[in-house]
């Protein structure tokens with residue numbers, strides 16, 4: 001791979017210099033398994049990677065998933081962490097975490113602070 005064909009994130013993961021799909025899972029395909037099937041069949045090879053907008057519980061909160069109650073739990077309506085891992089292995093999927101001011105009250109964040 002050419003040096004300029006890849007961008008590197010701070011965590012060392014690469015992002016291919018190709019078209020990236022940025023999507024809410026439920027709005028495009030229903031759930032993670034259906035999104036994987038869509039990418040594997042109808043859209044095979046079309047995207048260099050997939051950027052998953054928030055899929056944590058709940059996905060239908062006041063801020064469209066950017067206000068999750070828990071960043072460790074995939075909303076059960078979309079699937080589970082294994083579904084996300086399988087999608088990531090085959091499609092270069094990335095997940096997005098977003099910090100809001102109320103996060104400081106969450107137990108996982110309290111342990112970090």
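A short reminder: the numbers here are calculations on the coordinates, not readings from a lab. Worth saying up front: this structure is predicted, and the values here are computed from it rather than measured. All Cβ positions, even for glycine, are placed from backbone atoms using ideal geometry, and neighbour counts span all protein chains on display.
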*If you take the beta carbon distance between residue 28 and residue 69 as r and set R0 to 25 Å, what does 1/(1 + (r/R0)^6) give as a FRET efficiency, to the nearest 0.05?*
0.60
*Put a dot 7 Å past each Cα toward the Cβ at residue 17 and residue 80; how far apart are the dots in nm?*
4.1 nm
